[in-house]
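The values are calculated or read from the model by the stated rules, or taken from the named source; none is laboratory data. As the structure is a prediction and not an experimental result, all values here were calculated from the model. In this analysis, Cβ positions are derived from the backbone assuming ideal geometry, glycine residues included, and neighbour counts consider all displayed protein chains. Areas reflect the complete protein model, heavy atoms only, side chains present, ligands, DNA and RNA absent. Shrake-Rupley method; radii C 1.70, N 1.55, O 1.52, S 1.80 Å.
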Amino acid sequence: MAKKKASDFRYNTGDTKVPWAAVGENYNADDLMSIVEFLMQGSGEEYDKALAEVREKVYALSDISAPPAKLSLDTKVAQAEEAVDAFLGTEGSAFVPNCTEGFEIAYKYANIGPGDEVIVPAITFIATMAYPLSVGAKLVFCDVDPRTLNMDPTDLERKITDKTRMIVPVDIGGYPCDLDPIMEIARKHDILVLEDGAHALGATYKGRKIGTIADFTGFSLHEVKNITSYGEGGILSTTVDAFRPVMKRCRFFGTTFEKKINNWLYDVELIQGKYKPFMALNASVTEIQAIGLMNQLERIDKIIAERTRVAEYLNERLSVCDAVIPQLLGDEQTRPSFHLYQLQIDPAKAGGDVQVLKQKLTEKGVTTIPHFGPLYHFEVIAKNPDYDVEAIAASCPNTEEVFNHRFTHLPCYGLSEEQLVYMADAILESIDEMQKGI
Ligand SMILES: *Cc1c(COP(=O)(O)O)cnc(C)c1O
(Lines give C-alpha, C1' and ligand atoms only; values in the text may rest on other atoms or scores of the structure.)
Protein backbone atom coordinates (compact mmCIF):
# COMPACT_ATOMS: atom_id res chain seq x y z
CA MET A 1 0.00 0.00 0.00
CA ALA A 2 1.40 3.37 -1.02
CA LYS A 3 1.88 6.04 1.60
CA LYS A 4 -0.69 8.77 1.67
CA LYS A 5 0.52 12.35 1.76
CA ALA A 6 0.40 14.30 4.97
CA SER A 7 -0.71 17.48 3.26
CA ASP A 8 -4.16 16.54 2.14
CA PHE A 9 -7.07 16.40 4.52
CA ARG A 10 -8.62 13.40 2.89
CA TYR A 11 -5.50 11.34 3.70
CA ASN A 12 -3.93 13.35 6.44
CA THR A 13 -2.22 10.81 8.65
CA GLY A 14 1.06 10.52 6.75
CA ASP A 15 3.49 7.84 7.93
CA THR A 16 1.23 6.40 10.56
CA LYS A 17 0.86 2.76 11.45
CA VAL A 18 -2.81 2.85 10.56
CA PRO A 19 -3.15 5.04 7.50
CA TRP A 20 -6.21 6.96 6.48
CA ALA A 21 -5.74 5.25 3.13
CA ALA A 22 -8.04 2.48 4.27
CA VAL A 23 -10.98 4.81 3.75
CA GLY A 24 -11.07 4.73 -0.03
CA GLU A 25 -11.06 1.71 -2.32
CA ASN A 26 -8.12 1.46 -4.71
CA TYR A 27 -7.97 0.26 -8.27
CA ASN A 28 -6.97 -3.33 -8.88
CA ALA A 29 -5.89 -5.31 -11.92
CA ASP A 30 -9.48 -6.13 -12.92
CA ASP A 31 -10.42 -2.47 -12.82
CA LEU A 32 -7.50 -1.63 -15.08
CA MET A 33 -8.33 -4.45 -17.50
CA SER A 34 -11.88 -3.11 -17.85
CA ILE A 35 -10.40 0.21 -18.93
CA VAL A 36 -8.00 -1.46 -21.39
CA GLU A 37 -10.90 -3.41 -22.92
CA PHE A 38 -12.99 -0.26 -23.09
CA LEU A 39 -10.34 1.96 -24.68
CA MET A 40 -9.11 -0.75 -27.05
CA GLN A 41 -12.18 -2.54 -28.30
CA GLY A 42 -12.13 -5.44 -30.70
CA SER A 43 -13.16 -9.00 -31.35
CA GLY A 44 -11.92 -12.14 -33.00
CA GLU A 45 -9.31 -14.72 -32.24
CA GLU A 46 -6.29 -12.50 -32.60
CA TYR A 47 -7.83 -9.81 -30.37
CA ASP A 48 -8.84 -12.30 -27.70
CA LYS A 49 -5.35 -13.77 -27.67
CA ALA A 50 -3.65 -10.39 -27.34
CA LEU A 51 -6.06 -9.38 -24.60
CA ALA A 52 -5.42 -12.57 -22.63
CA GLU A 53 -1.68 -11.89 -22.83
CA VAL A 54 -2.14 -8.34 -21.59
CA ARG A 55 -4.36 -9.56 -18.74
CA GLU A 56 -1.70 -12.01 -17.62
CA LYS A 57 0.94 -9.29 -17.64
CA VAL A 58 -1.29 -6.81 -15.81
CA TYR A 59 -1.97 -9.37 -13.07
CA ALA A 60 1.76 -10.03 -12.76
CA LEU A 61 2.39 -6.28 -12.56
CA SER A 62 -0.28 -5.77 -9.94
CA ASP A 63 1.47 -8.32 -7.68
CA ILE A 64 4.65 -6.27 -7.60
CA SER A 65 3.27 -2.71 -7.65
CA ALA A 66 1.44 -0.28 -5.40
CA PRO A 67 -1.59 1.83 -6.27
CA PRO A 68 -1.23 5.62 -6.44
CA ALA A 69 -1.50 7.54 -3.20
CA LYS A 70 -4.28 9.75 -4.46
CA LEU A 71 -6.81 9.69 -7.27
CA SER A 72 -8.16 13.24 -7.13
CA LEU A 73 -6.55 16.71 -7.21
CA ASP A 74 -2.92 15.84 -6.62
CA THR A 75 0.45 16.01 -8.35
CA LYS A 76 -0.77 14.92 -11.82
CA VAL A 77 -3.41 17.64 -11.79
CA ALA A 78 -0.75 20.15 -10.74
CA GLN A 79 1.57 18.94 -13.53
CA ALA A 80 -1.23 19.12 -16.10
CA GLU A 81 -1.95 22.68 -15.06
CA GLU A 82 1.72 23.57 -15.38
CA ALA A 83 1.71 22.08 -18.87
CA VAL A 84 -1.38 24.12 -19.76
CA ASP A 85 0.22 27.31 -18.42
CA ALA A 86 3.40 26.60 -20.38
CA PHE A 87 1.37 25.99 -23.54
CA LEU A 88 -0.85 29.05 -23.19
CA GLY A 89 1.68 31.39 -21.58
CA THR A 90 -0.59 31.88 -18.57
CA GLU A 91 -0.26 31.45 -14.83
CA GLY A 92 -2.62 29.75 -12.43
CA SER A 93 -4.95 28.14 -15.00
CA ALA A 94 -7.36 25.66 -13.42
CA PHE A 95 -8.20 22.21 -14.74
CA VAL A 96 -11.92 21.65 -14.11
CA PRO A 97 -14.44 18.85 -14.83
CA ASN A 98 -15.85 20.62 -17.88
CA CYS A 99 -15.81 24.01 -19.53
CA THR A 100 -19.30 24.86 -18.22
CA GLU A 101 -18.05 24.56 -14.63
CA GLY A 102 -15.12 26.77 -15.52
CA PHE A 103 -17.59 29.37 -16.80
CA GLU A 104 -19.50 29.02 -13.54
CA ILE A 105 -16.43 30.03 -11.54
CA ALA A 106 -15.94 33.09 -13.75
CA TYR A 107 -19.63 34.02 -13.57
CA LYS A 108 -19.49 33.70 -9.80
CA TYR A 109 -16.44 35.98 -9.71
CA ALA A 110 -18.56 38.51 -11.64
CA ASN A 111 -21.31 37.99 -9.01
CA ILE A 112 -23.87 37.39 -11.76
CA GLY A 113 -27.41 37.28 -10.38
CA PRO A 114 -30.98 38.47 -10.99
CA GLY A 115 -31.12 41.95 -12.47
CA ASP A 116 -27.74 41.65 -14.20
CA GLU A 117 -27.35 41.48 -17.97
CA VAL A 118 -24.93 39.16 -19.76
CA ILE A 119 -24.24 39.70 -23.45
CA VAL A 120 -23.77 36.51 -25.47
CA PRO A 121 -23.54 35.95 -29.21
CA ALA A 122 -26.80 34.68 -30.69
CA ILE A 123 -24.97 31.73 -32.27
CA THR A 124 -23.33 29.38 -29.82
CA PHE A 125 -23.97 26.29 -27.68
CA ILE A 126 -26.22 26.47 -24.61
CA ALA A 127 -23.25 25.97 -22.23
CA THR A 128 -22.16 29.55 -22.93
CA MET A 129 -25.20 30.98 -21.18
CA ALA A 130 -26.52 28.21 -18.93
CA TYR A 131 -25.21 29.73 -15.69
CA PRO A 132 -26.79 33.21 -16.08
CA LEU A 133 -30.04 31.52 -17.14
CA SER A 134 -29.92 29.27 -14.08
CA VAL A 135 -29.57 32.18 -11.65
CA GLY A 136 -32.15 34.41 -13.32
CA ALA A 137 -29.80 36.93 -14.92
CA LYS A 138 -30.93 38.45 -18.20
CA LEU A 139 -29.32 37.30 -21.44
CA VAL A 140 -28.85 39.91 -24.12
CA PHE A 141 -28.21 38.48 -27.56
CA CYS A 142 -25.59 40.08 -29.75
CA ASP A 143 -25.76 39.64 -33.51
CA VAL A 144 -22.91 37.85 -35.27
CA ASP A 145 -20.44 38.81 -37.95
CA PRO A 146 -21.85 36.81 -40.88
CA ARG A 147 -18.37 35.86 -42.06
CA THR A 148 -17.00 34.38 -38.82
CA LEU A 149 -20.30 33.69 -36.97
CA ASN A 150 -18.68 35.35 -33.95
CA MET A 151 -19.97 38.25 -31.84
CA ASP A 152 -20.17 41.46 -33.89
CA PRO A 153 -18.45 44.23 -31.89
CA THR A 154 -20.60 46.92 -33.52
CA ASP A 155 -23.79 45.29 -32.30
CA LEU A 156 -22.14 44.62 -28.93
CA GLU A 157 -21.66 48.33 -28.38
CA ARG A 158 -25.37 48.91 -29.11
CA LYS A 159 -26.44 46.29 -26.59
CA ILE A 160 -24.52 47.52 -23.57
CA THR A 161 -26.64 49.03 -20.79
CA ASP A 162 -25.83 50.11 -17.24
CA LYS A 163 -26.90 46.62 -16.14
CA THR A 164 -24.35 44.76 -18.30
CA ARG A 165 -22.05 42.76 -16.04
CA MET A 166 -20.35 40.40 -18.45
CA ILE A 167 -19.60 39.99 -22.16
CA VAL A 168 -19.17 36.42 -23.36
CA PRO A 169 -17.75 36.15 -26.87
CA VAL A 170 -17.35 32.70 -28.44
CA ASP A 171 -14.71 31.47 -30.90
CA ILE A 172 -17.09 29.44 -33.02
CA GLY A 173 -15.47 26.53 -34.79
CA GLY A 174 -12.12 27.67 -33.36
CA TYR A 175 -11.97 30.93 -35.33
CA PRO A 176 -10.91 33.64 -32.83
CA CYS A 177 -13.48 36.32 -32.14
CA ASP A 178 -12.46 39.94 -32.70
CA LEU A 179 -11.07 40.51 -29.23
CA ASP A 180 -9.47 43.95 -29.62
CA PRO A 181 -12.70 45.92 -30.08
CA ILE A 182 -14.54 43.65 -27.62
CA MET A 183 -11.94 44.27 -24.89
CA GLU A 184 -11.90 47.97 -25.66
CA ILE A 185 -15.68 48.25 -25.25
CA ALA A 186 -15.53 46.17 -22.06
CA ARG A 187 -12.77 48.30 -20.53
CA LYS A 188 -14.60 51.49 -21.42
CA HIS A 189 -17.64 50.34 -19.44
CA ASP A 190 -15.76 48.37 -16.74
CA ILE A 191 -17.38 45.07 -17.75
CA LEU A 192 -15.69 41.67 -17.43
CA VAL A 193 -15.10 39.51 -20.50
CA LEU A 194 -15.48 35.74 -20.26
CA GLU A 195 -14.36 34.20 -23.53
CA ASP A 196 -15.95 30.89 -24.48
CA GLY A 197 -12.90 29.30 -26.06
CA ALA A 198 -14.43 25.80 -25.94
CA HIS A 199 -13.39 25.34 -29.58
CA ALA A 200 -10.23 27.38 -29.52
CA LEU A 201 -7.50 25.75 -27.44
CA GLY A 202 -4.29 26.49 -29.32
CA ALA A 203 -5.73 29.29 -31.48
CA THR A 204 -4.07 32.71 -31.61
CA TYR A 205 -5.49 36.20 -32.10
CA LYS A 206 -3.09 38.82 -33.52
CA GLY A 207 -0.08 36.93 -32.24
CA ARG A 208 -1.48 36.26 -28.77
CA LYS A 209 -2.79 32.90 -27.61
CA ILE A 210 -6.49 32.63 -26.86
CA GLY A 211 -6.59 32.38 -23.07
CA THR A 212 -4.25 35.29 -22.45
CA ILE A 213 -6.46 38.20 -23.52
CA ALA A 214 -9.95 38.14 -21.97
CA ASP A 215 -10.44 38.40 -18.20
CA PHE A 216 -11.43 34.74 -18.25
CA THR A 217 -11.25 32.08 -20.94
CA GLY A 218 -12.86 28.67 -20.70
CA PHE A 219 -11.67 25.75 -22.84
CA SER A 220 -13.49 22.45 -23.24
CA LEU A 221 -11.86 19.04 -23.18
CA HIS A 222 -15.11 17.24 -23.95
CA GLU A 223 -14.61 14.25 -26.21
CA VAL A 224 -15.64 16.08 -29.39
CA LYS A 225 -13.20 18.97 -28.87
CA ASN A 226 -9.65 19.26 -30.22
CA ILE A 227 -8.15 17.37 -27.30
CA THR A 228 -9.81 15.55 -24.41
CA SER A 229 -9.09 14.30 -20.89
CA TYR A 230 -10.86 10.96 -21.15
CA GLY A 231 -14.12 12.34 -22.45
CA GLU A 232 -14.72 15.29 -20.13
CA GLY A 233 -12.67 18.19 -18.87
CA GLY A 234 -12.19 21.92 -19.04
CA ILE A 235 -9.65 24.66 -18.43
CA LEU A 236 -10.26 28.10 -16.99
CA SER A 237 -7.57 30.73 -17.45
CA THR A 238 -7.65 34.23 -16.07
CA THR A 239 -5.83 37.52 -16.49
CA VAL A 240 -7.41 38.96 -13.33
CA ASP A 241 -4.40 39.32 -11.01
CA ALA A 242 -6.46 39.66 -7.84
CA PHE A 243 -8.35 36.43 -8.52
CA ARG A 244 -5.57 34.22 -9.86
CA PRO A 245 -4.16 33.15 -6.47
CA VAL A 246 -7.57 31.90 -5.26
CA MET A 247 -9.07 30.59 -8.50
CA LYS A 248 -8.06 26.98 -7.89
CA ARG A 249 -9.58 27.14 -4.42
CA CYS A 250 -12.95 27.66 -6.13
CA ARG A 251 -12.60 24.06 -7.21
CA PHE A 252 -13.08 22.81 -3.66
CA PHE A 253 -15.54 24.93 -1.69
CA GLY A 254 -13.00 27.64 -0.90
CA THR A 255 -11.16 25.44 1.60
CA THR A 256 -7.84 26.74 2.84
CA PHE A 257 -5.14 24.76 4.62
CA GLU A 258 -3.05 27.83 5.28
CA LYS A 259 -5.50 29.05 7.86
CA LYS A 260 -6.87 26.45 10.23
CA ILE A 261 -9.56 26.94 12.80
CA ASN A 262 -9.39 25.39 16.27
CA ASN A 263 -9.16 21.60 16.36
CA TRP A 264 -9.62 21.56 12.62
CA LEU A 265 -7.35 20.88 9.69
CA TYR A 266 -8.56 23.70 7.45
CA ASP A 267 -10.94 26.60 7.16
CA VAL A 268 -13.57 27.39 4.55
CA GLU A 269 -13.72 30.94 3.26
CA LEU A 270 -15.94 32.87 0.92
CA ILE A 271 -14.04 33.84 -2.21
CA GLN A 272 -13.85 37.52 -3.07
CA GLY A 273 -15.66 38.28 -6.33
CA LYS A 274 -15.52 41.54 -8.30
CA TYR A 275 -18.25 43.15 -6.20
CA LYS A 276 -18.83 40.84 -3.23
CA PRO A 277 -17.73 37.46 -1.82
CA PHE A 278 -19.28 34.21 -3.09
CA MET A 279 -19.45 30.56 -2.02
CA ALA A 280 -17.54 28.10 -4.21
CA LEU A 281 -18.72 24.57 -4.98
CA ASN A 282 -16.90 21.38 -5.96
CA ALA A 283 -15.22 21.19 -9.36
CA SER A 284 -12.50 18.62 -8.65
CA VAL A 285 -10.82 16.61 -11.37
CA THR A 286 -9.05 13.26 -11.17
CA GLU A 287 -5.40 12.36 -11.57
CA ILE A 288 -6.35 10.07 -14.45
CA GLN A 289 -8.05 12.93 -16.30
CA ALA A 290 -4.87 14.92 -15.73
CA ILE A 291 -2.77 12.20 -17.34
CA GLY A 292 -5.15 12.24 -20.31
CA LEU A 293 -4.84 16.00 -20.62
CA MET A 294 -1.03 15.97 -20.48
CA ASN A 295 -0.72 13.23 -23.10
CA GLN A 296 -3.04 14.93 -25.55
CA LEU A 297 -1.66 18.42 -24.95
CA GLU A 298 1.68 17.13 -26.21
CA ARG A 299 -0.01 16.30 -29.52
CA ILE A 300 -2.06 19.45 -29.93
CA ASP A 301 0.26 21.27 -32.34
CA LYS A 302 0.21 18.28 -34.68
CA ILE A 303 -3.55 17.99 -34.33
CA ILE A 304 -4.09 21.63 -35.26
CA ALA A 305 -1.62 21.31 -38.15
CA GLU A 306 -3.65 18.39 -39.53
CA ARG A 307 -6.93 20.28 -39.08
CA THR A 308 -5.41 23.27 -40.87
CA ARG A 309 -4.30 21.05 -43.74
CA VAL A 310 -7.86 19.69 -44.11
CA ALA A 311 -9.36 23.20 -44.03
CA GLU A 312 -6.88 24.35 -46.69
CA TYR A 313 -7.65 21.30 -48.82
CA LEU A 314 -11.41 21.91 -48.62
CA ASN A 315 -10.97 25.61 -49.44
CA GLU A 316 -8.82 24.69 -52.42
CA ARG A 317 -11.30 22.10 -53.73
CA LEU A 318 -14.32 24.37 -53.20
CA SER A 319 -12.62 27.41 -54.76
CA VAL A 320 -13.85 26.28 -58.19
CA CYS A 321 -17.41 27.03 -57.08
CA ASP A 322 -18.24 30.72 -56.75
CA ALA A 323 -21.33 29.93 -54.65
CA VAL A 324 -19.08 28.85 -51.78
CA ILE A 325 -17.88 31.57 -49.42
CA PRO A 326 -14.51 30.24 -48.32
CA GLN A 327 -13.76 29.43 -44.68
CA LEU A 328 -11.43 32.08 -43.26
CA LEU A 329 -8.01 30.53 -42.79
CA GLY A 330 -6.45 33.27 -40.67
CA ASP A 331 -2.89 34.48 -41.24
CA GLU A 332 0.52 34.42 -39.54
CA GLN A 333 -0.85 36.29 -36.53
CA THR A 334 -4.37 34.96 -36.24
CA ARG A 335 -4.52 31.19 -36.32
CA PRO A 336 -7.77 29.29 -35.87
CA SER A 337 -7.75 25.89 -34.19
CA PHE A 338 -10.16 24.49 -36.82
CA HIS A 339 -12.33 22.61 -34.39
CA LEU A 340 -14.87 22.60 -37.26
CA TYR A 341 -14.88 23.62 -40.90
CA GLN A 342 -17.47 26.26 -41.66
CA LEU A 343 -19.20 25.67 -44.99
CA GLN A 344 -20.98 28.80 -46.12
CA ILE A 345 -22.79 29.50 -49.37
CA ASP A 346 -24.32 32.43 -51.18
CA PRO A 347 -27.89 31.15 -51.73
CA ALA A 348 -28.45 33.37 -54.77
CA LYS A 349 -25.46 31.84 -56.56
CA ALA A 350 -26.03 28.30 -55.28
CA GLY A 351 -29.60 28.16 -56.57
CA GLY A 352 -31.00 27.45 -53.12
CA ASP A 353 -30.16 27.80 -49.49
CA VAL A 354 -28.11 25.75 -47.10
CA GLN A 355 -31.09 23.70 -45.91
CA VAL A 356 -31.33 22.21 -49.41
CA LEU A 357 -27.58 21.64 -49.49
CA LYS A 358 -27.64 19.93 -46.08
CA GLN A 359 -30.43 17.62 -47.28
CA LYS A 360 -28.43 16.68 -50.38
CA LEU A 361 -25.30 16.06 -48.34
CA THR A 362 -27.23 13.85 -45.93
CA GLU A 363 -28.53 11.83 -48.88
CA LYS A 364 -24.95 11.39 -50.07
CA GLY A 365 -23.89 10.24 -46.60
CA VAL A 366 -21.95 13.36 -45.60
CA THR A 367 -22.51 14.42 -42.01
CA THR A 368 -23.11 18.10 -41.32
CA ILE A 369 -23.38 19.48 -37.82
CA PRO A 370 -26.66 21.33 -37.14
CA HIS A 371 -25.53 22.37 -33.73
CA PHE A 372 -24.85 26.07 -33.40
CA GLY A 373 -27.71 28.47 -34.03
CA PRO A 374 -29.83 31.28 -32.60
CA LEU A 375 -30.38 29.95 -29.10
CA TYR A 376 -33.24 32.29 -28.21
CA HIS A 377 -35.52 29.87 -30.11
CA PHE A 378 -34.99 27.22 -27.44
CA GLU A 379 -37.91 26.75 -25.09
CA VAL A 380 -35.89 27.83 -22.00
CA ILE A 381 -35.75 31.31 -23.49
CA ALA A 382 -38.65 31.41 -25.97
CA LYS A 383 -41.22 30.44 -23.31
CA ASN A 384 -39.69 32.66 -20.64
CA PRO A 385 -41.88 35.77 -20.16
CA ASP A 386 -38.73 37.89 -19.66
CA TYR A 387 -37.85 37.46 -23.34
CA ASP A 388 -39.52 38.71 -26.51
CA VAL A 389 -38.18 36.33 -29.13
CA GLU A 390 -39.49 38.25 -32.14
CA ALA A 391 -37.83 41.42 -30.95
CA ILE A 392 -34.58 39.56 -30.26
CA ALA A 393 -34.62 37.92 -33.70
CA ALA A 394 -35.26 41.32 -35.29
CA SER A 395 -32.22 42.67 -33.43
CA CYS A 396 -30.02 39.84 -34.80
CA PRO A 397 -30.64 39.94 -38.57
CA ASN A 398 -27.28 38.41 -39.56
CA THR A 399 -27.85 35.52 -37.18
CA GLU A 400 -31.21 34.60 -38.69
CA GLU A 401 -29.89 34.96 -42.24
CA VAL A 402 -26.73 32.87 -41.85
CA PHE A 403 -28.32 30.17 -39.74
CA ASN A 404 -31.37 29.64 -41.91
CA HIS A 405 -29.82 30.13 -45.32
CA ARG A 406 -26.05 30.11 -45.38
CA PHE A 407 -23.91 27.94 -43.16
CA THR A 408 -23.32 24.54 -41.69
CA HIS A 409 -20.30 22.89 -40.10
CA LEU A 410 -18.29 19.96 -41.40
CA PRO A 411 -15.86 17.66 -39.61
CA CYS A 412 -12.20 18.37 -40.35
CA TYR A 413 -10.31 15.78 -38.34
CA GLY A 414 -9.99 12.03 -38.24
CA LEU A 415 -11.15 11.56 -41.83
CA SER A 416 -9.35 9.29 -44.28
CA GLU A 417 -8.13 10.85 -47.55
CA GLU A 418 -10.88 8.95 -49.32
CA GLN A 419 -13.57 10.38 -47.05
CA LEU A 420 -12.14 13.87 -47.42
CA VAL A 421 -12.12 13.69 -51.20
CA TYR A 422 -15.62 12.23 -51.16
CA MET A 423 -16.88 15.05 -48.95
CA ALA A 424 -15.45 17.75 -51.26
CA ASP A 425 -16.87 15.96 -54.33
CA ALA A 426 -20.28 15.63 -52.67
CA ILE A 427 -20.42 19.36 -51.86
CA LEU A 428 -19.52 20.36 -55.41
CA GLU A 429 -21.98 17.85 -56.91
CA SER A 430 -24.78 18.97 -54.60
CA ILE A 431 -24.33 22.64 -55.46
CA ASP A 432 -24.14 21.76 -59.12
CA GLU A 433 -27.47 19.93 -58.81
CA MET A 434 -28.99 22.88 -56.98
CA GLN A 435 -27.84 25.26 -59.69
CA LYS A 436 -29.37 23.01 -62.34
CA GLY A 437 -32.58 22.72 -60.32
CA ILE A 438 -32.24 18.96 -59.84
C1 LIG B 1 -18.60 22.18 -25.92
C2 LIG B 1 -18.94 23.59 -25.72
C3 LIG B 1 -19.01 24.15 -24.44
C4 LIG B 1 -19.05 23.36 -23.16
O5 LIG B 1 -18.04 22.52 -22.93
P6 LIG B 1 -18.16 21.42 -21.77
O7 LIG B 1 -16.75 21.08 -21.51
O8 LIG B 1 -18.95 20.28 -22.37
O9 LIG B 1 -18.85 22.02 -20.62
C10 LIG B 1 -19.16 25.52 -24.34
N11 LIG B 1 -19.30 26.30 -25.43
C12 LIG B 1 -19.28 25.79 -26.68
C13 LIG B 1 -19.40 26.72 -27.84
C14 LIG B 1 -19.13 24.41 -26.86
O15 LIG B 1 -19.16 23.91 -28.10
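Numbers for the structure displayed
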{"quantity": "Selected residue (criterion: farthest from L221 (Cα to Cα)) from residues of the stretch 82-98 that are within 16 Å of the ligand (Cβ to nearest atom) and either open to solvent by 10 Å² or more (accessible area, probe 1.4 Å) or of a type in the set (K, R) (or both)", "calculated": "P97"}
{"quantity": "Some residue of the stretch 189-199 being more than 16 Å from the ligand (Cβ to nearest atom), out of contact with any Gly (no Cβ under 9 Å at 6 or more places or on another chain) and open to solvent by less than 10 Å² (accessible area, probe 1.4 Å)", "calculated": "yes"}
{"quantity": "Residue match in the stretch 223-242 (condition: in contact with a Leu (Cβ under 7 Å, 6 or more places away or on another chain), under 22 Å from A110 (Cβ atoms), away from the ligand (no atom under 16 Å from the Cβ) and open to solvent by 40 Å² or more (accessible area, probe 1.4 Å))", "calculated": "no"}
{"quantity": "Index of the failed condition, S65 passing every other in (1) open to solvent by less than 10 Å² (accessible area, probe 1.4 Å); (2) part of a loop (DSSP other than H, G, I, E, B)", "calculated": "(1)"}
{"quantity": "Residue match in the stretch 235-249 (condition: part of a loop (DSSP other than H, G, I, E, B), closer than 30 Å to I191 by Cβ and among the hydroxyl-bearing types (S, T, Y))", "calculated": "yes"}
{"quantity": "Close pairs (8 angstrom Cβ cut-off, 6 or more residues apart or separate chains): more than 18 Å from R244 (Cβ to Cβ) in the stretch 93-120, acidic (D, E) anywhere", "calculated": "P97/E232; N98/E232; C99/D196"}
{"quantity": "Within the stretch 314-405, helices (runs of 4 or more DSSP H) holding 3 or more residues that are open to solvent by less than 50 Å² (accessible area, probe 1.4 Å) and in contact with a Phe, Trp or Tyr (Cβ under 8 Å, 6 or more places away or on another chain)", "calculated": "389-395"}
{"quantity": "Subset of the stretch 276-288 [surrounded by 12 or more Cβ atoms within 10 Å (Cβ to Cβ) and either assigned to a loop (DSSP other than H, G, I, E, B) or small (G, A, S) (or both)]", "calculated": "M279, A280, L281, A283, S284, V285"}
{"quantity": "Test result for I291, open to solvent by 60 Å² or more (accessible area, probe 1.4 Å) and assigned to a helix (DSSP H, G or I)", "calculated": "yes"}
{"quantity": "Scope the stretch 206-219; condition open to solvent by 10 Å² or more (accessible area, probe 1.4 Å), outside any loop (DSSP other than H, G, I, E, B) and in contact with a helix residue (DSSP H, G or I) (Cβ under 7 Å, 6 or more places away or on another chain); matching residues", "calculated": "K209"}
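Quick grid of which residues meet (1) in contact (Cβ under 8 Å) with a residue 12 or more places away in the chain; (2) among the hydroxyl-bearing types (S, T, Y); (3) open to solvent by 70 Å² or more (accessible area, probe 1.4 Å):
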{"site": "N28", "(1), (2), (3)": "yes, no, yes"}
{"site": "V36", "(1), (2), (3)": "yes, no, no"}
{"site": "S43", "(1), (2), (3)": "no, yes, yes"}
{"site": "K49", "(1), (2), (3)": "no, no, yes"}
{"site": "R55", "(1), (2), (3)": "yes, no, yes"}
{"site": "L71", "(1), (2), (3)": "yes, no, no"}
